[in-house]
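K.L.:
One structure follows; several queries about it will come next.
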Amino acid sequence: MAVAAAAVLLYFLSASMAAAAPAGDEVVHLPGLPKQPAFRHFSGYLSVAGGKHLHYWFVESQNSPASDPVVLWLNGGPGCSSLDGLLTEHGPFLVEDDGVMLRENPNSWNKIANMLYLESPAGVGFSYSDDGAYATNDTEVSMMNYLALKEFFRLFPELSANPLFLTGESYGGIYVPTLAERVMEDDALNLQGVAVGNGMSSYEQNDNSLVYFAYYHGLLGSRLWARLRASCCRQGKCDFHRNPDANCSAALAEVQDIIYNSGLNMYNLYAPCPGGSAPRRFSVERDQLVVRDLGNVFIHHEWTQMWNKKLRGLASSGSGRVRLEPPCTNSTPVTRFLNDPHVRRALHVSDDALDWNICSSEVYLNYGRLYADVSKQYLKLLAALKYRVLVYNGDVDMACNFMGDEWFVESLNQEVQVSRRPWLYEDAGGRQVGGFVKEFNNLAFLTVKGSGHMVPTDKPAAAFAVFSRFINKQPF
């Protein structure tokens, strides 16, 4: 009788969920799938202040959608689409190399959670603004993301009491904690925790640690390292971030050249560069200037600012002359899939939306980076003593390297609960070391062994294990 009663309850919960969800946004037939999924998914727009329309794609949990957590996912950039996270990292279906077919992802995060993928800010992916203006900044984006969350729960009120987790990657290291700072003040949102993968948490820590990372991994050589130590370090402390010494700047320019322009994959040091090594950060292809520069390292250097200023005018002209393409990343399959007219119709994409690109040059080059460090936001979350916080990093990423995020976490000066140790997970070969973890009060720093910037792509089983333990509040 208990089983029967539970089944009846689940039926009514599912029925009420179906009744409340916006029927016009449901994706009833997605091209490219050999078989349509058993779970429901929705795609449409969350309209927020200023005539901005943020595109979302929401996939219900394959487990218990009525009670499982709602997990927001934000890719970074700034200016890159979260649909890349859905279709190449941890969504229920991944794009095949032909850009036409989809395949099932056995490690999809929606196996255990309701996943909300938000294209933010306006100008990214299928998101748009009525006035066509896409200059924005960290503070405005956090507010628009907060308003989008509120609109989502207005459309899906049956999920408003479910546990809510905010997650993201890369520049999501800024997006997520600044959004969490707003969400934690709203009692109507059941925030339970935040998780950031390979996130930009501190420019200074990231810049300083990257030079050590490059040297320790054999990229710099002893002669360049000696020059760096001599010109950038004083009294045992090295400043590779904003050092005014001309000799230090010259040495750092060589480091920059090695990391960006020598053909290495900055997102995964030990992975090949798709399409072959592409040493130029800028090239002209089919009458477009293609920018392959999403690195956050040395972001304050004057020459980087100069390049951004020159490119900004082209991007703002709306001429389509600038395309932003992350280095050593093959975005062709997902771009082809999402720009298929049948797919756009299936996803209810507005006619006002432009062609889908993995990143928006206009957003990226006109973006106001207001936070060089997000320790204040983390400390505010931790002071509440009720949110679970996870910072995780693939340990061979050079865009946001693990040392910088580990230093950032250590700088928060939280009480250690579990000393740094290996963490384990199961894969086809049995029990494996997934990386290392150190735990503090409500805070953990975790590495994923052998993974680069996009952990769910490089190590899908390990990433799913981490995600499952995080949202279920289990030990790592």
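The values are calculated or read from the model by the stated rules, or taken from the named source; none is laboratory data. The model shown is predicted, which means the values in this text are computed figures rather than measured ones. Cβ placement follows ideal geometry from the backbone for every residue including glycine, while neighbour counts extend to all protein chains displayed. We work out accessible area using only protein heavy atoms, side chains counted, and drop any ligands, DNA or RNA first. Shrake-Rupley method; radii C 1.70, N 1.55, O 1.52, S 1.80 Å.
K.L.:
What is the sum of charges around residue 457, taking Lys and Arg as +1, Asp and Glu as -1, for the other residues whose C-beta is under 11 Å from the C-beta of residue 457? List each step's numbers first, then the result.
P.N.:
Values: positive: 459; negative: 84, 89, 169, 458.
After counting each charged neighbour, the total is -3.
K.L.:
Straight-line reach from residue 376: which lysines have a Cα under 30 Å away, not including same-chain ones fewer than 8 places off?
P.N.:
In chain and number order, the partners are 52, 150, 237, 309, 386, 438, 449, 473.
K.L.:
Could you tell me how many degrees, from 0 to 90 and to the nearest 10, lie between the Cα long axis of helix 203-216 and the main elongation axis, the longest principal axis, of the Cα atoms of the chain?
P.N.:
70
K.L.:
Let me ask something additional. In segment 99-206, which GluC sites (Glu not before Pro) are in a loop and have at most 15 other Cβ atoms within 10 Å, using DSSP for the loop call?
P.N.:
Sites meeting the loop and neighbour criteria: 185.
K.L.:
Find how many whole Å separate the alpha carbon centroid of segment 185-256 from the alpha carbon centroid of segment 24-48.
P.N.:
Distance between centres, Cα-based: 42 Å.
K.L.:
Right, another one. To the nearest 10 square angstrom, what accessible area does residue 407 show with a 1.4 Å probe?
P.N.:
Spelled out: residue 407, probe radius 1.4 Å, area about 90 Å².
K.L.:
Taking the chain as a whole, which cysteines find no other cysteine Cβ under 4.7 angstrom from their Cβ?
P.N.:
When partners are defined as cysteine Cβ atoms under 4.7 Å apart, the chain leaves 400 without one.
K.L.:
Can you give me the distance in nm between label points at residue 431 and residue 98, each placed 7 Å from the Cα along the Cα-to-Cβ direction?
P.N.:
4.3
K.L.:
Another question, then. Using heavy-atom solvent-accessible surface (probe 1.4 Å) with all chains present, what is the largest-first order of 53, 217, 29?
P.N.:
From most exposed to least exposed: 29, 217, 53.
K.L.:
State the extension gain, in nm to one decimal, for the chain segment bounded by residue 247 and residue 23, taking 0.36 nm per residue of separation less the distance between their alpha-carbons. Walk me through the numbers before you get to the answer.
P.N.:
Details: separation 224, 0.36 × 224 = 80.64 nm, distance 6.25 nm.
Gain on extension, residue 247 to residue 23, equals 74.4 nm.
K.L.:
Using only Cα atoms, find the angle between the long axis of helix 302-316 and the longest principal axis of the chain, and express it within 0 to 90 degrees, rounded to the nearest 10.
P.N.:
40
K.L.:
Can you tell me the 0 to 90 degree angle between the C-alpha axis of helix 402-411 and the longest principal axis of the chain, rounded to 10?
P.N.:
With both axes taken from Cα atoms, the answer is about 80 degrees.
K.L.:
While we're on this one: Which percent, to the nearest 5, of DSSP beta bridges fully inside the chain are antiparallel?
P.N.:
Numbers: 40 of 71 bridges.
Expressed as a percentage, antiparallel bridges in the chain total about 55.
K.L.:
May I ask you to derive the FRET efficiency for residue 380 and residue 472 from their Cβ-Cβ distance with R0 = 22 Å, giving the value to the nearest 0.05? Could the numbers behind the result be given before it?
P.N.:
Details: r = 25 Å, r/R0 = 1.12.
For residue 380 and residue 472, the calculated efficiency is 0.35.
K.L.:
Let me ask another. Any chance you could check the Cα centroid distance between segment 423-473 and segment 343-359 for me, in angstrom?
P.N.:
33
K.L.:
Keeping every protein chain in place, order 469, 223 by accessible area at 1.4 Å, biggest value first, i.e. largest first.
P.N.:
Values: 469 45, 223 195 Å².
So the residues, ranked largest to smallest area, are 223, 469.
K.L.:
How long are the semi-axes of the equivalent ellipsoid of the chain, defined as square roots of 5 times the Cα gyration tensor eigenvalues? Whole Å, largest first.
P.N.:
Gyration-tensor ellipsoid for the chain: 35, 27, 21 Å.
K.L.:
Which value, in Å², gives the accessible area per residue of the chain when a 1.4 Å probe is used on the protein heavy atoms?
P.N.:
Spelled out: the 1.4 Å probe surface of the chain, per residue, equals 41 Å².
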